[in-house]
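S.K.: First the structure, which I've put down as structure tokens, then a few questions once you've had a look.
Read-outs throughout are calculated quantities, based only on the coordinates presented, and are distinct from any laboratory measurement. Every value quoted in this text rests on a predicted model; they were computed, and no experiment measured them. All Cβ positions, even for glycine, are placed from backbone atoms using ideal geometry, and neighbour counts span all protein chains on display.
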Amino acid sequence: MSGEVLTVAQMAAADNFAAMAGIPTLTLMENAGRAVADAVVARFAPCATAVLCGPGNNGGDGFVAARLLAERGFAVRLAGFDDYKGDAAAMAGKWKGSREALSPKVVAGAALVVDGLFGAGLSRPLEGAAQGVVAALGEMKCPVVAIDIPSGVAGDTGKVLGDMAVRADLTVTFFRKKPAHLLLPGRTRCGEILVADIGIPDGALDLIRPNLFENTPLLWGKDYPWPQAGGHKYTRGHCVVVSGPMHATGAARLSARAALRIGAGLVSVASPLDAVAVNAAHLTAIMVKPFDGARGLADLFDDTRLGTVVMGPGMGVGFETRALVETALAGPPWRKMVLDADALSSFADDPEALFNRLRPGAAILTPHEGEFERLFPGLLDESASKLEATRAAAVRCGAVVLLKGADTVIARPDGWAAINANAPATLATAGSGDVLSGLIGGLFAQGLEAVFAAAAAAWLHGDAAGRFGPGLIAEDIPEILPETLAGLHTMTFV
């Protein structure tokens with residue numbers, strides 16, 4: 001697998017492909033239910049188990065799981081509906097135990113619950129008996145295993161429909177993950193996620209041509225810019241981070257250190273004159289390059305070796321920052337730009353003035369949700385999901401957009417997108433975004449394509465934070481990064 005993520009419609013197309021390849025849909029359902037049963041047996045001893053079977057194919061998977069769990073010694077109590085159709089009806093017919101109506105009493109004495117009510121295709125809030133059972137589950141402490149996706153979560157958006165959804169400890173899905181397994185709040189409802197092979201040929205992906213991926217090293221690892229034996233610092237790119245004024249220099253230094261640590265051959269901090277002394281006092285391997293206003297920055301950027309520029313951290317919001325950004329964007333077409341924080345917010349009154357200056361393939365925007373709203377007002381609320389908002393933003397500005405958060409989304413204008421899901425909660429700390437922009441700039445300087453520089457940096461950022469653990473502050477991320485890079489170096493990519 002290369003981390004493809006399929007929408008509900010694409011998953012249906014994969015099922016159809018399997019059928020056209022001669023794989024009966026009943027076989028797929030049997031394999032799906034078996035995968036659920038195998039996952040349960042691998043994690044739990046035989047116990048009193050309630051299996052909840054919805055009216056569709058998820059319910060059919062539930063009947064298979066119930067049958068196989070009963071054969072393996074689990075005391076299964078099954079609740080479902082009166083009428084089933086198609087494959088679900090066939091699997092319901094193979095269940096030889098009793099079938100109860102859905103009600104809270106079915107789960108009351110259970111030591112384990114298997115949620116086969118509704119899958120990723122659910123499009124409306126839970127209601128009636130299903131709502132009552134899920135509400136009762138919310139009051140219980142027993143583990144829950146969800147089939148495909150926790151009931152009540154929309155598969156394509158990760159949103160909880162209405163105000164109620166199952167909170168699972170394990171979710172067993174099939175063939176590939178769905179967006180809701182990665183987007184919040186859906187991801188928080190899934191618990192451990194297991195992707196099971198149920199016999200759908202990988203050739204289905206050639207037909208579907210997915211353009212959404214989970215962000216892992218499988219996407220960019222084979223192109224990672226490791227140092228080469230014949231290389232030197234000048235072949236590894238020069239990244240420049242533009243500093244804010246004397247009272248706000250720390251953010252730029254965080255970015256610069258991250259760019260150096262990730263492997264950029266040279267890193268400089270372009271410093272306003274009033275901040276030169278404080279920046280110089282804190283930097284060693286990172287150079288300080290003084291400039292005086294927009295004209296001074298233009299003169300500095302006459303040096304063609306300064307190929308990648310990070311702007312925004314600590315620069316301040318206002319006309320002066322906007323003028324500096326416009327100066328940098330007026331440079332040669334090969335210059336690469338990473339724009340974050342104040343460099344974005346300074347264009348809040350006229351985002352098009354920024355977008356019209358961006359060059360395809362040479363710019364990466366890294367807003368958090370507040371900055372995103374300033375540049376793309378109303379887009380998050382108007383879009384079906386964070387994913388679709390980020391994709392629309394990339395089209396609108398003509399650049400790669402990385403929308404930060406616990407479920408960071410990276411998108412480029414052609415619709416290709418990735419969702420990053422490895423960021424721990426400890427990254428919610430001052431300066432962590434500045435570090436991320438520096439990581440992106442450092443990788444961009446070394447030649448990674450824009451979208452992969454952003455994706456790789458997001459994953460490395462999350463992995464390093466996870467390795468450090470509780471107590472993380474932004475300064476720790478570059479220091480723990482060598483452990484992350486050592487782990488990445490041991491991986492094999494085709």
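S.K.: By how many nm would the segment from residue 449 to residue 357 grow when fully extended, if each residue of separation counts as 0.36 nm and the alpha-carbon distance is taken off? Kindly include the intermediate steps, with their values, before the conclusion.
M.R.: Values: separation 92, 0.36 × 92 = 33.12 nm, distance 1.92 nm.
Roughly 31.2 nm would be gained on extension.
S.K.: Hey, another quick one. Provide 404, 94 in ascending order of the number of other Cβ atoms located within 10 Å of each residue's Cβ, fewest first. Numbers along the way, then the final one.
M.R.: Values: 404 24, 94 13.
In order of increasing Cβ crowding within 10 Å: 94, 404.
S.K.: From zero up to wherever the largest Cα-Cα distance of the range 8-210 sits, split into 5 Å bins and tell me the percent of pairs in each.
M.R.: Histogram of Cα-Cα distances, whole percents per bin: 1, 8, 17, 22, 22, 17, 9, 3, 1, 0.
S.K.: Let me ask you something else. What is the extension gain from residue 334 to residue 184, computed as 0.36 nm multiplied by their sequence separation minus the C-alpha to C-alpha distance, in nm to one decimal?
M.R.: Details: separation 150, 0.36 × 150 = 54.00 nm, distance 3.64 nm.
Extra length from residue 334 to residue 184 when fully extended: 50.4 nm.
S.K.: Now for a separate question. Modelling each spin label as a point 7 Å along the Cα-to-Cβ direction, I'd like the residue 428/residue 42 distance in nm, to one decimal.
M.R.: Result for the modelled spin labels: 3.2 nm.
S.K.: May I pose another question? By count of other Cβ within 10 Å, fewest leading, how are 148, 82, 87 ordered? Kindly include the intermediate steps, with their values, before the conclusion.
M.R.: Numbers: 148 27, 82 7, 87 22.
By the 10 Å Cβ count, ascending: 82, 87, 148.
S.K.: On a 0 to 90 degree scale, rounded to 10, what angle separates helix 128-138 from the longest Cα axis of the chain?
M.R.: Orientation of helix 128-138: about 60 degrees from the principal axis.
S.K.: Using only Cα atoms, tell me the angle between helix 319-329 and the longest principal axis of the chain; keep it within 0 to 90° and round to the nearest 10.
M.R.: 90
S.K.: If one computes the Cα centroid of the range 62-140 and of the range 209-266, what distance in Å separates the two points?
M.R.: When both Cα centres are located, 50 Å separates them.
S.K.: Sticking with this one: Once fully extended, how much extra length lies between residue 123 and residue 9, figured as 0.36 nm per residue of separation less the alpha-carbon to alpha-carbon distance?
M.R.: Numbers: separation 114, 0.36 × 114 = 41.04 nm, distance 1.27 nm.
Fully extending the segment from residue 123 to residue 9 adds 39.8 nm.
S.K.: A further question on this structure: Taking H placed 1.01 Å from N in the peptide plane, check which residues at least 5 places from residue 309 or on another chain put their amide H under 5 Å from its amide H.
M.R.: Those lying under 5 Å, H to H, from residue 309 are 240, 336, 337, 338.
S.K.: DSSP beta bridges in the chain, what fraction antiparallel, as a percent rounded to 5? Intermediate results must be reported in sequence, preceding the final value.
M.R.: On the way: 8 of 58 bridges.
If we restrict to bridges inside the chain, about 15 percent are antiparallel.
S.K.: Under a point-charge model restricted to the Cβ atoms of Lys and Arg (+1) and Asp and Glu (-1), what is the dipole moment magnitude of the range 216-322 relative to its Cα centre, in debye to the nearest 20?
M.R.: Numbers: 10 positive and 7 negative charges, 83 e Å.
About 400 debye.
S.K.: For the chain, take the longest principal axis of its alpha carbons; what is the angle in degrees between that and the long axis of helix 57-71, to the nearest 10 within 0 to 90?
M.R.: 60
S.K.: Between residue 398 and residues 5 or more places away or on another chain, which pairs have amide H atoms under 5 Å apart, with H built 1.01 Å from N, and which residues are they?
M.R.: Amide H neighbours of residue 398, under 5 Å, 5+ apart: none.
S.K.: Related question: Among 471, 308, 394, whose Cα sits farthest toward the positive end of the charge dipole of the range 217-489 (+1 at Cβ of Lys/Arg, -1 at Cβ of Asp/Glu, about the Cα centre)?
M.R.: Positive-most Cα among the choices belongs to 308.
S.K.: Tell me the mean residue ellipticity at 222 nm calculated for the chain from its helices only (DSSP H runs of n ≥ 4, each -39500 (n - 2.57), averaged over every residue, nearest 500).
M.R.: Numbers: 21 runs with 203 residues, N = 494.
Counting only the DSSP helices, I get -12000 deg cm²/dmol.
S.K.: Separate question: For the chain, take the convex hull of the Cα atoms, compute a quarter of its surface area, and give me that in nm², please. List each step's numbers first, then the result.
M.R.: On the way: hull surface 97.3 nm².
Result: 24.3 nm².
S.K.: If you don't mind, another one. If every alpha-carbon in the range 396-471 counts as one equal scatterer, what log10 I(q)/I(0) does Debye give at q = 0.25, 0.27 1/Å?
M.R.: Summing over Cα pairs of the range 396-471 leads to -1.20, -1.33.
S.K.: Same structure, new question: Please report 366, 216, 249, 492 as a ranked list, fewest other C-beta atoms within 10 angstrom at the top and most at the bottom.
M.R.: 492, 216, 249, 366
S.K.: Could you tell me whether the range 169-260 comes out rounded, prolate or oblate from its Cα gyration tensor? Rule is a ≥ b ≥ c as square roots of the eigenvalues, rounded for a/c under 1.5, then prolate if a/b exceeds b/c, otherwise oblate. Please list the in-between numbers first.
M.R.: Numbers: a/c = 3.48, a/b = 1.75, b/c = 1.98.
Cα axes put the range 169-260 in the oblate bin.
S.K.: Mind listing the long-range amide H neighbours of residue 114? Cut-off is under 5 Å, sequence gap 5 or more, other chains count too, H placed in the peptide plane at 1.01 Å from N.
M.R.: Residues meeting the criterion, in which the H sits 1.01 Å from N, are 50, 51, 52, 145.
S.K.: For the chain, with only Lys/Arg (+1) and Asp/Glu (-1) charged at the beta-carbon, what is the dipole magnitude about the Cα centre, in debye rounded to 20? Walk me through the numbers before you get to the answer.
M.R.: Numbers: 41 positive and 50 negative charges, 160 e Å.
It comes to approximately 760 debye.
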